[in-house]
Amino acid sequence: MKTLMWFRQDLRLTDNPALHSAAESEGVIPVYIWAPSEEGVWAPGGASRWWLHHSLAQLQSGLLGLGSRLTIRSGADSLRILLDLARECGATQVVWNRRYEPAAIARDTAIKTGLRNAGIESKSFNSALLHEPWTIKNKSDQPFQVFTPFWRHAKGLPDPSLPLPTPARIPAPTHWPPSLPLEALEMLPRIDWASGFRTAWKPGAAAARMHLDGFLQQSFGAYSTDRDRPDLPGTSRLSPHLHFGEISPREIWDTVRRFATERGQDTTWRDSQFLTELGWREFAHHLLYYYPHTPTQPLRAAYARFPWRDDAGGLRAWQQGVTGYPIVDAGMRQLWQTGWMHNRVRMIVGSFLVKDLLLPWNEGAAWFWDTLVDADLASNTLGWQWVSGCGADAAPYFRIFNPVTQSTRFDPDGAYIREWVPELARLTDDWIHQPWEAPAGLLKDAGVNLGVSYPHRCVDHSMARTRAMEALARIRTR
């Protein structure tokens, strides 16, 4: 029996259940189909395409090392492409790992039916989550909408199975079907805006494993305190690797378990803050599965009436990192230059957009979708609905982050601001978080000319907070 192994967001050889199953057949044809139109409005954005190109290149190399190769096809109909490939190769089975986005679920359901009608067997597997959404319900047999009981329930379930090893060999077919070259997919930008990406990242499964091991050795012990500090290397930076499936959550879970047990933490490792962050990823997919409308509509229906402002200039200032609030600008510039932003800063810039500028959370979600290398529909939706107060387990509507308070607390020495807003680098720690309050002489000595070398604030936070509270109160009283 010949098998098509359909790679999607599982671009790895280790702990890949579909590949493990395929390797038991007589011949395996690994396949990647580039069909962005099937993703609808959530086709991969520019930053994701950059990552995907390089991740596929690493997957190609790994397959070659096992005597196999990746067949690349492109089009707008994955079912037709799979049927054509099956006919070309004499394959009688197609296997893949499941995805959980609404468009992917609908597409995969139709493909299973189409393959069955053509007499081709299909099998799908879980490789992306510790626990799939339908395996977790509350006592009323309903989906959870609050994280803490969700994660408590999930941790009470049997541990995920151990990660699968890389197959010793992948049986090759007698002949290989034609394949597009990776470059034909044109995922890389024509204008090289990704130079900062190359400095910051190395996509692929090997780099994912390196990040995890390095994080455990250097940062795991202080994670609960350092994870909120954008000026410190306190996070794992595994999010893009997880999104593209270069490492599995089961591998992370098992690695943390072994690491902690070796250090005598065999009874507490499940409660580590790091695994709790993995739990938030699980929760995001849980919510997206049960509430598929949330990428574009608020979970809390009252927020559909929210009186958002229309302010193209404010949106542009936020996108370009020229709001006049150093911590906000630092985050937005880090995002543009590296395709990533520290999670604490994501909350700060998100709050600033929806509560200081009173602009729709959907605008922020769309911008992040195009500019983040770890753009994930479930996590992106959860994050933006949380910060705007319209989603499950969301921040209370009156929680409006003060950007100066957040900045002084989580970047106390201004190191993060100095890295990403270098025009303020010579300001002292006392004033770098709020240069508009600095004495004129000190600004001059630091080479800062407000309105020229660095912008004036686009909004006064105190005024904006009052305005946001009034707007939010109106929808609560209707």
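Read-outs throughout are calculated quantities, based only on the coordinates presented, and are distinct from any laboratory measurement. Predicted model only: the values in this text are computed from it and were never measured. Please note: Cβ atoms are built from the backbone with ideal geometry, for glycine as well, and neighbour counts cover all protein chains shown.
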Which FRET efficiency, nearest 0.05, do residue 445 and residue 193 yield, Cβ-Cβ r, R0 45 Å? 0.85
Would you give the gap between the C-alpha center of the stretch 278-347 and the C-alpha center of the stretch 64-87, rounded to a whole Å? 35 Å
In percent, what relative contact order does the stretch 2-127 have, based on Cα pairs under 8 Å that are 6 or more apart in sequence? 36 percent
Using Cα-Cα distances under 8 Å and only pairs 6 or more residues apart, what relative contact order does the chain have, in percent? 17 percent
For residue 43 paired with residue 304, estimate the spin-label separation in nm (one decimal), with each label point 7 Å from Cα along the Cα-to-Cβ line. 2.8 nm
How big is the dipole moment of the chain about its Cα centre under a simple scheme where the beta carbon of each Lys and Arg is +1, that of each Asp and Glu is -1, and everything else is neutral? Debye, nearest 20, please. 820 debye
Give the calculated FRET efficiency between residue 266 and residue 225 to the nearest 0.05, with a Förster radius of 22 Å applied to their Cβ-Cβ distance. 0.45
Dipole of the stretch 44-95, Cα-centred, from +1 at each Lys and Arg C-beta and -1 at each Asp and Glu C-beta, to the nearest 20 debye? 60 debye
Neighbours of residue 419 by Cβ distance under 14 Å: Lys/Arg at +1, Asp/Glu at -1, summed charge -1
Full-extension gain between residue 26 and residue 88, please, as 0.36 nm times their residue separation minus the C-alpha to C-alpha distance. 20.7 nm
Degrees, to the nearest 10: 102-117 long Cα axis against longest axis of the chain: 10 degrees
Estimated dipole of the stretch 2-127 in Debye, rounded to 20 [Cβ of Lys and Arg +1, of Asp and Glu -1, Cα centre]: 60 debye
For helix 249-262, what angle does its Cα long axis make with the longest principal axis of the chain, in degrees from 0 to 90 and rounded to 10? 70 degrees
Considering amide H positions built from the backbone, and no H for Pro or chain starts, which residues 5 or more places from residue 246, or on another chain, come under 5 Å of its amide H? 11
For the charge dipole of the chain, defined by +1 on Lys and Arg C-beta atoms and -1 on Asp and Glu C-beta atoms about the Cα centroid, which residue among 269, 373, 336 has the Cα displaced farthest towards the positive pole? 269
For every other residue with a beta carbon closer than 13 angstrom to the beta carbon of residue 164, add +1 if it is Lys or Arg and -1 if Asp or Glu, then tell me the sum. -3
Proximal charge balance of residue 204 [Cβ under 11 Å; K/R count +1, D/E count -1]: +2
For residue 71, which sequence-distant residues (separation of 5 or more, or a different chain) have an amide H within less than 5 Å of its own amide H, given hydrogens modelled in the peptide plane? 31, 32
Out of 406, 289, 436, whose Cα points farthest toward the positive end of the dipole of the chain (charges: +1 Lys, Arg; -1 Asp, Glu; placed on Cβ)? 289
At 7 Å along Cα-to-Cβ for each site, give me the label-to-label distance between residue 113 and residue 426 in nm. 6.8 nm
Taking r as the C-beta separation of residue 172 and residue 316 and R0 as 51 Å, the FRET efficiency to the nearest 0.05 is 0.45
Would you work out which of 278, 312, 323 lies farthest towards the positive end of the dipole of the stretch 210-323? Charges go on Cβ: Lys and Arg +1, Asp and Glu -1. 312
Computed ³J(HN,Hα) along the stretch 438-449: with the Karplus parameters 6.51/-1.76/1.60, θ = phi - 60°, integer Hz and x for glycine or proline, the list is 6, x, 4, x, 5, 4, 5, 5, 8, x, 9, 10
Using the Karplus equation 6.51 cos²θ - 1.76 cosθ + 1.60 (θ = phi - 60°), what ³J(HN,Hα) coupling, rounded to whole Hz, does each residue of the stretch 172-180 give in order, writing x for Gly and Pro? 8, x, 5, 8, 9, x, x, 9, 6
For residue 122, what residues show an amide H to amide H distance below 5 Å, using hydrogens built from the backbone and excluding near sequence neighbours? 94
